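One structure is given here, and the rest of the page talks about it.
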Amino acid sequence: GVLAAHTSTMPSLSECLFFFAVNMAGHLEEIFGTEKDRVNCPFYYKMGACRHGDKCSRIHNRPVLSQTILIPHMYLNPVAAPMIDAEGNPVEYDKKYLRDHFEEFYEDAFDELEKYGEIEELIVCDNVNEHLLGNVYIKFEQDESAEKALQALSNRYYGGRLLMPEYCPVTDFKDAACRQFEEAECTRGGLCNFMHIKRISKSLKKALFKPKKRGRSWSNSRSRSRSRDRGYGGGKGGKGKGASTCYNCGERGHFSRDCPQKGGPGGKGASTC
């Protein structure tokens, strides 16, 4: 009788398997997207991109729907493709030129992308390694907006480049951002595998991310002011409009707002976002 009472409290095989499955599921959920996960790629989970690409030994779980879309290599970073001077040496751009070049792109891209819905975050990578170079991440307020943007932008051209947008698993960029770069200077430079997020000025951020208060007259006056105040060529390494790439037609020598093709029929080089 004592033996029977004792054996009756032992779990059955099915119960053991159930508890094992529950514990295993909890373990897999805990390590998912971390270095301990030997099945799923942690870098793709955090960054939406991986240096191994399709050759990665781990799985890239591509979402079928997301608030965030990634447009690889959309930003033409002058640092990654410097101009060559008459003596065959790469041109060293000054900080003012790089800042203005980036904000010109950022504002132009924002104007195009917000057509599909309210933008929560617009992230541009400053990295120069192949899988992060010029990557643009757009997190919309609604999944539906991201879906519209993905459908509209697929196989379209921007600045002479074919856009290949894709859904991205990243919705929180804190884990994706390089802490060294955010706090000071990254020891790996532009080849770091974590995002070096390019920042815009507070005034531009305030204007762009408050669409209800944003007026075209303010934006146009800002553009005219920037055109007057760029001041390229005065300092060492400074370059003028001749070094700028138009994000509308993809040609050098003018800014997108001055492009003769603006508003015309889109071609391979035209911005047709």
(request) Treat each spin label as a single point 7 Å out from the Cα along the C-beta direction, and report the LYS206 to MET10 distance in nm. (result) 7.4
(message) Taking 0.36 nm per residue of sequence separation and subtracting the Cα-Cα distance, how much length would be gained by fully extending the chain between LEU162 and LYS96, in nm to one decimal?
(response) 20.9 nm
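At 0.36 nm per residue, minus the direct Cα-Cα distance, what do ARG179 and ASN155 gain on full extension? Give it in nm, one decimal, please.
Answer, rounded to one decimal: 5.2 nm.
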(message) Quick check: from the Cα gyration tensor, does segment 28-164 come out rounded (a/c under 1.5), prolate or oblate?
(response) oblate
(request) Please get the size of the charge dipole for segment 31-128, origin at its Cα centre, with Cβ charges of +1 on Lys and Arg and -1 on Asp and Glu, quoted in debye to the nearest 20. (result) 1000
(message) Suppose each label sits 7 Å from its Cα in the direction of the beta carbon; what would the THR171-GLN142 distance come out to in nanometres?
(response) 1.6
(request) Mind giving me the nanometre distance, one decimal, between the label points for ARG62 and ASN89, set 7 Å out from Cα along Cα→Cβ? (result) 4.5
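Here, each number is a calculation from the coordinates, and none is a lab measurement. From a predicted model like this one, the values you see are computed outputs, not experimental measurements. We place every Cβ from the backbone using ideal geometry, glycine too, and count neighbours over all the protein chains shown.
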